[in-house]
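What follows draws every value from the coordinates through simple rules; no lab data is involved. None of these values were measured; they are calculated from a predicted model. As a convention, Cβ positions derive from the backbone with ideal geometry for all residues, glycine included, and neighbour counts pool all protein chains shown.
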Amino acid sequence: MKKILVTGATGQIGVELTQTLRDKYGAENVVATGHDRQQTNELTQVGPYCHLDVRDASALNQIVEDYQCDSIFHLASLLSVVAEAKPLEAWDINMNGLINVLEIARTHRCAVFFPSSIGAFGPETPGFDTPQDTLQRPKTLYGITKVSGELLCDYYYHRYGVDTRGLRYPGLISNKALPGGGTTDYAVDIFYAAIKNQHYDCFLRADTQLDMMYMSDAIAAAIKLMEADSACLKHRNAFNITAMSFTPEQLAAEIQKQLPDFTVSYSVDPVRQAIADSWPRHMDDNAARAEWGWQAQYDLTAMVKDMLEQITVSEQRIKGDDHVAR
Ligand code: NAD
């Protein structure tokens, strides 16, 4: 990877992935693209930044040509909860955006990273130790676009030799950019609520167990997979990966070890609960371990400790800035 394009660079994954890629490959070699009109943060100031709607194939093509990109991390998407609210728009962005990326990758010989999700599984999939190769009949529009995306990426690899690679991410937990409307967003929101209000009202049931991962592991996995020796990859789209698997109740208990006054209540949102109930509780990620050496660094305890430290520091900085401004 010498010249990299990131779509959806302003999102929860994109902000941290772009920063890590720029640190590793040089800021000038990582072109961030975003759909949001107003971007005045580090992303636009530190390296190249272009406005892009991924449905606009000619604009995407122009950026790839202008910057001579050889790799595309395609993150632009609508997530599970938003996609259920706007299914036609989600189909348009998730599928037409991906086919544009794959066609341009075919003509310009780019490698493509495509993030799939635990949402690519459905209620008939084995829910525990979910195998790498198994039944995938998701019941959400988001999940349907993820399975279709996995298949399309494999198609472009087998038919045209495009170097496509992907991961089935679990719920991702981070503290730089807020999540964009997923079913696992509670696992981020709970930290901000714990620090600001000592209380969180959770939209999933207390015993809803799901796979999760800290963002630094998610970013490291994407880069490690894209750098892996192609000859070692038997699977491509997409590898199961996980780092931890917990319920809201277990996460709250871990937070309470450090913030004993923290309390949780539960007001279950039926839409998000139904989505969560259709997803696996724990994936088997042995194929990723065997084929390209996947290994998570953060477990539940380490993740909670780091989240609380990072958010406390950033909240103090915000309060300090407010004080100076006044
Ligand atoms: P996010 O919602 O935070 O970011 C998505 C980005 O896509 C946003 O910056 C948004 O502006 C952009 N976007 C939306 N419509 C666009 C369009 N028409 N053209 C260009 N950009 C557009 O999502 P994220 O959490 O960063 O997820 C990135 C990818 O990872 C997605 O494909 C998502 O399905 C996948 N994923 C995320 C998680 C998670 O927990 N965050 C888990 C599994 C898979």
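Data table
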quantity: Residues whose placed amide H lies under 5 Å from that of Thr242, excluding near-sequence neighbours; calculated: none
quantity: Leading residue at positive end of dipole, the chain (Cβ point charges), from Thr184, Val304, Ile219; calculated: Ile219
quantity: Rel. contact order, % - alpha carbon contacts under 8 angstrom, at least six apart, the chain; calculated: 18
quantity: For Thr130, residues with placed amide H under 5 Å, excluding near neighbours; calculated: His282, Met283, Asp284
quantity: Local electrostatic count, Leu79, Cβ distance below 13 Å [Lys/Arg +1, Asp/Glu -1]; calculated: 0
quantity: Over the range 63-167, relative contact order from alpha-carbon pairs under 8 Å, at least 6 apart, %; calculated: 32
quantity: Extension reserve of the Asp201-Thr247 stretch, reckoned as 0.36 nm per residue once the Cα distance is removed; calculated: 15.1 nm
quantity: Long-range HN-HN contacts of Cys50 with modeled amide H, under 5 Å; calculated: Ala32, Thr33, Gly34
quantity: Unit charges on C-beta of K, R, D, E only; dipole of the chain, Debye; calculated: 380
quantity: Exposure proxy ranking, count of Cβ atoms within 10 Å, fewest first, for His158, His282, His108; calculated: His158, His108, His282
quantity: Helix-only mean residue ellipticity at 222 nm for the chain, each DSSP H run of n ≥ 4 adding -39500 (n - 2.57), per residue, nearest 500; calculated: -14000 deg cm²/dmol
quantity: Relative contact order (percent, whole number), the range 1-77, Cα cutoff 8 Å, 6+ residue spacing; calculated: 43
quantity: ³J(HN,Hα) computed for each position of the range 90-102 - Karplus, 6.51 cos²θ - 1.76 cosθ + 1.60, integer Hz, glycine/proline x; calculated: 5, 4, 4, 5, 5, 8, 5, x, 5, 5, 4, 4, 5
quantity: Listed residue (Phe239, Pro123, Asn29) projecting farthest to the positive dipole end of the chain, Cβ model; calculated: Asn29
quantity: Cut-off 12 Å between beta-carbons: net charge of the residues surrounding Ile99, Lys and Arg +1, Asp and Glu -1; calculated: 0
quantity: Mean-position separation - Cα centroids, the range 47-65 and the range 178-235, in angstrom; calculated: 28
quantity: Three-way shape label, the chain, alpha-carbon gyration tensor, a/c 1.5; calculated: oblate
quantity: Note, ³J(HN,Hα) from phi for the range 22-35, Karplus 6.51, -1.76, 1.60, rounded to Hz, x at Gly and Pro; calculated: 5, 4, 7, 10, x, 4, 5, 9, 10, 8, 8, 10, x, 9
